[in-house]
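The values are calculated or read from the model by the stated rules, or taken from the named source; none is laboratory data. Since this is a predicted model, take the numbers as computed values, not measurements. We place every Cβ from the backbone using ideal geometry, glycine too, and count neighbours over all the protein chains shown. Note: areas computed on protein heavy atoms with side chains; ligands, DNA, RNA excluded. Shrake-Rupley method; radii C 1.70, N 1.55, O 1.52, S 1.80 Å.
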Amino acid sequence: MTAAEQELPKLYDPKAAQDRWYPHWLEKGYFTADPTSNAQPYCIVIPPPNVTGALHLGHALNNTLQDILIRWRRMKGDSVLWMPGTDHAGIATQAVVERRLLQDEKKTRHDLGREALVKRIWAWKDEYEARILSQLQAMGASCDWSRTRFTLDPICAKAVRHTFFKLFADDKVYRGKRLVNWDTHLRTAVADDEIYYEDTKGSLWSIRYPVAESDEFLVVATTRPETMLGDTAVAVHPDDPRYKHLIGKEVALPLTDRRIPIIGDGMLVDMAFGTGCVKVTPAHDPNDYQTGLRHKLAMINLLNPDGTYHENAPAAYRGLAVKEVRKRVLADLEAAGLLLETKPHDLRLNLSHRSNTAIEPYLSDQWFVRMDEFAEKAIGAVTSGQVTFHPERYAKSYIDWLSEKRDWCVSRQLWWGHRIPIWYCETITEEELNVAFAGRSDVVWRQAEAGSDRRGWLLCALEDLTGQELGPNHRLEQDGDVLDTWFSSALWPHSTLGWPEKTPELAKYYPTSVLSTARDIITLWVARMVIMGQYNCGAVPFTDVFIHPVIQDGQGRRMSKSLGNGIDPVDIIEMYGADTLRFGLASAATETQDLRLPIEKIRLEDGREVNTSDRFEQAKPFANKLWNAARFVMSNLGDYIGEPVRPEQLSIEDRWILATLRATVSQANASLEKFQFEKLAKTLRDFTWNDFCDWAIEFAKPRLKDNEQRPVAQAVLVEVLDTLVRLLHPIVPFVTEQIWQSLAVVAPIRGVFASRNSAESICVAPWPKVEDLPADDHAQSRVDLWKDGISAIRNIRAERNLPKDARPVPVMRVAAGEMESLAAGLAMFQTMAGVGDWRVVNSAEDLPEDIEQARARGELAAKVLDRLEILVPLGQFIDKEAEKVKLRKNLADLEKQIGGIDAKLGNASFVERAPAELVLQQRQKREELQARRGAVVELLAALEQS
RNA sequence: GGGCGGUUAGCUCAGCUGGUUAGAGCGCCUGCCUUACAAGCAGGAUGUCGGGGGUUCGAAUCCCUCACCGCCCACCA
């Protein structure tokens, strides 16, 4: 491509840049990690999106922020790996596929069978995984796609199998009882997040339980009378004077022939609620279950999986459904005169999302991971500083949750997931097992615990058992359940790197660097990754956890399908381009607040209705602005030869913009180190727009017309543009690459000083270094004075409505020491402020005659600034009255400020107690203001006399 | 019920280790198609910093309290 072939359209075309550069980056392999590199490793594993559906804006935010970090570190020269992948999301995915099956074909999973259903889910997964990956690519994500993983793929499966095997062998996993949320319609356990609540008007029934061998009664209040058939105790508060004496005695449980103990339990019972007596049904209520554990009560399961009453219930109720049992129990109690009262009571019904039927707490046997030691170690990882949360307040939720040390239930009654690698055999003996598996270290076994639903032996194997290992006389049956999705997610940082194999990737990139996620999964995911990382690899999985804000709609609600307020990032990319999406999200990613996006529905040209947000309008002009600044620079490089520039050739304004750029690089570094993306975006936007475009380019225009100054001005523009696009690249990768590549054609040689580079893509160009750019306080101070002067004249022109072509001839009064500074900006003033010849005078000396005369005639407009007084003769354009009003307002402002300072300085306590430095500063400030006031008073007086 | 965060311009948000006349983007008003950019330029207006109390010479910033909004966790016999 030659310079002539360059297309430099006025409007930046995001789509063209995206279509052109993303495939190019992939082809060149810039995103491919090299574990053999000697560079410092930097690795982020993507929080794997669920394959349940397409990505929304929350994912876009998180992945934009990760890509910013990744692209930054890649440019810094680190050996970078951003590991992509997706999550099988157990119940969520199975549920969507089952729901669709029911809708489209009126079939349940039982109609299809396990194998066929799983096949359907794989097809679903393939579709959505492709969609998700293409969304990430559309956003510009620089993942190493050659390593894309899926939580059910063979590499991850191997890690899961090895982990479970190790846990089993170490006795860290056990089979135990637990109350699960049982869906009696679908005959399956459902997860907590698959339950919804409905407030309904129910009843609170009071039932008399006769105390054995006594005339006394205890009255219990319940919303679920049918569960009384499974009661195994009645609890009262141990300090309750009404019942204290009964603790240790028994009641005769009505409708049954059982006697159950009266226990004292301060945790379960609130003396003030109801009657102060609580029936305890450990097998069908979570609190009662805990109470049962505390008091070692019997646990009587009343239900069959289909929700009918089990043989553990008295004969009269067996085989009946829950509702029917309730009716009968109430009728029978009534008949026995034991039903005291029925009161209306508001209660919350737990319903299954999947079948819309009531959830029954149901006691079942599940696999658990022992958490005590694990949690202790994982807490230590944070308290010792091996893992740091950003913002740090989130460490508290992590530690609080882990401190409960509740064992982790890892089995799920699903078909979609990692099958639990346990085989049961009831008939074998240990001797026979020893013989069958002699010499094999890949099979371990343990005896089933007493009280478990299984008898005989539990075998865990690294490879699937065929079932034939024990010979024809013994049946081996594999556990039908799968593992909790979070089990495989917990291994994600090391499983994706190849553990348990000792891969070069694992050696190079583990522990990874940063984990970026939302706060709602700090416990479910982050804590468990730390635990499993420590267990499997002996080291924490990452050193920093960054918690990003949550995206909400205009009403502060989460985005969700059911509310219809979700935004597809691809829609935003189509409307605004990927750079604007990313810039908008980064600009909104503040540390303290969640991110509120007022949603609008709009209809696209193709008729589709999509959600969008005004927030992207705010970010929209930026890429184009940058593009046009670059276009200006490049259009002035036709004769650029790239000769090195010696520092002494630089003008004041060159030194100013380079010094300002230096400060910007330093600020950008600080923001990136601290995960302050909003600050990063703002810093770079401000530099681009306010310093580079508004001033530096304008300063350069006259110099580019001067043959002598032109090469230096060109070199500095190239240097600044080159550095700026490198700084911006992590946020807006496409427009910066477009500029980088175009710039390479017109200015193959860059670098005002030593830092020349000619990277073939900005993706791998060096990150700017602060020390390559000169600091220059003097230039900064001087250019600030120029800017003030130019703004002041523009202000006068605009406020006095001077015609466009009017060329007033102003005077600037400054202290003697500043005269030279201002005079150096001569050319700039004339073009940028639109003035004719102008003069700088010493404020201690008399004004030039023409100005003095204009003042006498009252035709002078003035601006009295801190270091500078600007006097513009307006001649016929003067409006004396308006001028007086302005000066009076100016005077009032100054007096108000002086008054404020006087109040402070007149306050003895301030002078005594405030830092001396501050008092001095206030005194100086007062002097300046007084001087300005004097000047304004003088001007006003002249005007009034005229 | 416990915990966390928020309440600053019409909208979305910075500022909060106390100390200039409280800022930005978008929107709004005025004037400009000034050959980088009208998705632009120049200029302008806009705030009892949620209410109340306290600490301090000084509070948007620190403390207490109330109200409202959001989130997490627990619970509702």
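Could you give me the residue pairs with C-beta distances under 8 Å whose first residue belongs to the stretch A:612-640 and is β-branched (Val, Ile, Thr), whose second residue is part of a loop (DSSP other than H, G, I, E, B) wherever it lies, and which are 6+ apart or on separate chains?
A:612/A:567
Name the residue that is nearest to RNA strand B (Cβ to nearest atom), counting only residues in the stretch A:763-797 that are open to solvent by 40 Å² or more (accessible area, probe 1.4 Å) and not in a helix (DSSP H, G or I).
So, considering only residues that are open to solvent by 40 Å² or more (accessible area, probe 1.4 Å) and not in a helix (DSSP H, G or I), the one nearest to RNA strand B (Cβ to nearest atom) is A:775.
Here's the yes/no breakdown for (1) more than 30 Å from residue A:785 (Cα to Cα); (2) touching a His at 6+ places or on another chain (Cβ under 6 Å); (3) aliphatic (A, V, I, L, M):
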| position | (1), (2), (3) |
| --- | --- |
| A:692 | no, no, no |
| A:699 | no, no, no |
| A:710 | no, no, no |
| A:718 | no, no, yes |
| A:722 | no, no, no |
| A:744 | yes, no, yes |
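How many residues does the stretch A:380-405 hold that are at negative phi and more than 16 Å from RNA strand B (Cβ to nearest atom)?
7
Residue check: is residue A:844 surrounded by fewer than 20 Cβ atoms within 10 Å (Cβ to Cβ) and assigned to a helix (DSSP H, G or I)?
no
Inside the stretch A:521-545, can you point out the residues that are under 22 Å from residue A:400 (Cα atoms), in a helix (DSSP H, G or I) and either away from RNA strand B (no atom under 16 Å from the Cβ) or of a type in the set (A, V, I, L, M) (or both)?
Once the filter is applied, which keeps residues that are under 22 Å from residue A:400 (Cα atoms), in a helix (DSSP H, G or I) and either away from RNA strand B (no atom under 16 Å from the Cβ) or of a type in the set (A, V, I, L, M) (or both), the stretch A:521-545 yields A:521, A:522, A:524, A:526, A:527, A:529, A:530, A:531, A:532, A:533, A:534, A:535.
Residue A:272 fails exactly one of the following numbered conditions: (1) small (Gly, Ala, Ser); (2) open to solvent by less than 70 Å² (accessible area, probe 1.4 Å); (3) within 9 Å of RNA strand B (Cβ to nearest atom). What is the number of that condition?
Residue A:272 satisfies every listed condition except (2).
Kindly establish whether residue A:175 is assigned to a helix (DSSP H, G or I) and either touching a residue at least 60 places away in the same chain (Cβ under 8 Å) or closer than 30 Å to residue A:334 by Cβ (or both).
It is false that residue A:175 is assigned to a helix (DSSP H, G or I) and either touching a residue at least 60 places away in the same chain (Cβ under 8 Å) or closer than 30 Å to residue A:334 by Cβ (or both).
Restricting to the stretch A:798-815, and then to whatever is part of a loop (DSSP other than H, G, I, E, B), open to solvent by 50 Å² or more (accessible area, probe 1.4 Å) and charged (D, E, K, R), can you tell me which residue is nearest to RNA strand B (Cβ to nearest atom)?
Step by step, filter the stretch A:798-815, then rank; the result is A:804.
Could you check the stretch A:566-586 and list, in sequence order, the residues that are open to solvent by less than 10 Å² (accessible area, probe 1.4 Å) and not in a helix (DSSP H, G or I)?
Hits for the stretch A:566-586 are A:567, A:577.
Which of the following residues is more than 8 Å from RNA strand B (Cβ to nearest atom), under 24 Å from residue A:782 (Cα atoms), open to solvent by less than 70 Å² (accessible area, probe 1.4 Å) and part of a helix (DSSP H, G or I): A:941, A:882, A:931? Full working, then the answer.
Working: A:941 fails: under 24 Å from residue A:782 (Cα atoms); A:882 fails: under 24 Å from residue A:782 (Cα atoms).
Matching residue, one of A:941, A:882, A:931: A:931.
Within the stretch A:594-626, can you find the residues that are away from RNA strand B (no atom under 11 Å from the Cβ), open to solvent by 50 Å² or more (accessible area, probe 1.4 Å) and either touching a Lys or Arg at 6+ places or on another chain (Cβ under 8 Å) or part of a loop (DSSP other than H, G, I, E, B) (or both)?
A:605, A:606, A:608, A:609
State all residues of the stretch A:244-262 that are in contact with a strand residue (DSSP E or B) (Cβ under 6 Å, 6 or more places away or on another chain) and either open to solvent by less than 30 Å² (accessible area, probe 1.4 Å) or within 8 Å of RNA strand B (Cβ to nearest atom) (or both); if no residue qualifies, say none.
A:246, A:251, A:253, A:260, A:262
With the condition kept exactly as written, say whether any residue in the stretch A:635-646 is farther than 30 Å from residue A:525 by Cα, touching a Ser or Thr at 6+ places or on another chain (Cβ under 8 Å) and either acidic (Asp, Glu) or surrounded by 19 or more Cβ atoms within 10 Å (Cβ to Cβ) (or both).
No, every residue in the stretch A:635-646 fails to be farther than 30 Å from residue A:525 by Cα, touching a Ser or Thr at 6+ places or on another chain (Cβ under 8 Å) and either acidic (Asp, Glu) or surrounded by 19 or more Cβ atoms within 10 Å (Cβ to Cβ) (or both).
Counting only residues that are surrounded by fewer than 16 Cβ atoms within 10 Å (Cβ to Cβ) and either in contact with a Pro (Cβ under 7 Å, 6 or more places away or on another chain) or outside any loop (DSSP other than H, G, I, E, B) (or both), how many does the stretch A:501-520 have?
Final tally of qualifying residues: 3.
Only one of (1) part of a helix (DSSP H, G or I); (2) open to solvent by 70 Å² or more (accessible area, probe 1.4 Å) is not met by residue A:827, so which one is it?
(2)
Is it true that some residue in the stretch A:398-421 is open to solvent by 80 Å² or more (accessible area, probe 1.4 Å) and more than 30 Å from residue A:527 (Cα to Cα)?
For the stretch A:398-421, residues open to solvent by 80 Å² or more (accessible area, probe 1.4 Å) and more than 30 Å from residue A:527 (Cα to Cα): absent.
For the stretch A:471-500, which residues satisfy the criterion of being of a type in the set (A, V, I, L, M) and either without any contact (Cβ under 8 Å) to a residue 60 or more places away in the chain or not in a loop (DSSP other than H, G, I, E, B) (or both)?
Step one: of the stretch A:471-500, the residues of a type in the set (A, V, I, L, M) are A:476, A:482-483, A:490-491, A:497.
Listed by number, the residues that qualify are A:476, A:482, A:483, A:490.
Residues A:297, A:302: which one is surrounded by 15 or more Cβ atoms within 10 Å (Cβ to Cβ), closer than 14 Å to residue A:360 by Cα and either touching a helix residue (DSSP H, G or I) at 6+ places or on another chain (Cβ under 7 Å) or not polar (S, T, N, Q) (or both)?
A:302
Report, ordered by the first and then the second residue, all pairs with beta carbons closer than 6 Å, sequence separation of six or more or different chains, a first member in the stretch A:181-207 that is part of a loop (DSSP other than H, G, I, E, B), and a second member that is open to solvent by less than 30 Å² (accessible area, probe 1.4 Å).
Here the result reads A:184/A:307; A:184/A:360; A:185/A:355; A:186/A:355; A:191/A:91, each pair linking the stretch A:181-207 to a residue that is open to solvent by less than 30 Å² (accessible area, probe 1.4 Å).
What single numbered condition from (1) in contact with a helix residue (DSSP H, G or I) (Cβ under 8 Å, 6 or more places away or on another chain); (2) farther than 15 Å from residue A:723 by Cβ fails to hold for residue A:633?
Tallying (1) in contact with a helix residue (DSSP H, G or I) (Cβ under 8 Å, 6 or more places away or on another chain); (2) farther than 15 Å from residue A:723 by Cβ, residue A:633 fails exactly one: (2).
Only one of (1) open to solvent by less than 40 Å² (accessible area, probe 1.4 Å); (2) closer than 20 Å to residue A:364 by Cβ; (3) out of contact with any Asp or Glu (no Cβ under 7 Å at 6 or more places or on another chain); (4) not β-branched (Val, Ile, Thr) is not met by residue A:265, so which one is it?
(2)
Which of the residues that make up the stretch A:479-500 are open to solvent by less than 10 Å² (accessible area, probe 1.4 Å) and aromatic (Phe, Trp, Tyr)?
A:487, A:492
Quick one: residue A:889 ticks every box in (1) within 12 Å of RNA strand B (Cβ to nearest atom); (2) surrounded by 12 or more Cβ atoms within 10 Å (Cβ to Cβ); (3) within 25 Å of residue A:802 (Cβ to Cβ); (4) not aliphatic (A, V, I, L, M) except a single one, so which number is it?
The single condition residue A:889 does not satisfy is (2).
Could you figure out which of (1) surrounded by 18 or more Cβ atoms within 10 Å (Cβ to Cβ); (2) more than 29 Å from residue A:330 (Cβ to Cβ) isn't true of residue A:134?
It is condition (1) that residue A:134 fails.
Say we look at the stretch A:333-384 and pick out the residues that are within 30 Å of residue A:174 (Cβ to Cβ) and among the basic types (Lys, Arg); which of these is least open to solvent (accessible area, probe 1.4 Å)?
Across the stretch A:333-384, the extreme among qualifying residues is A:354.
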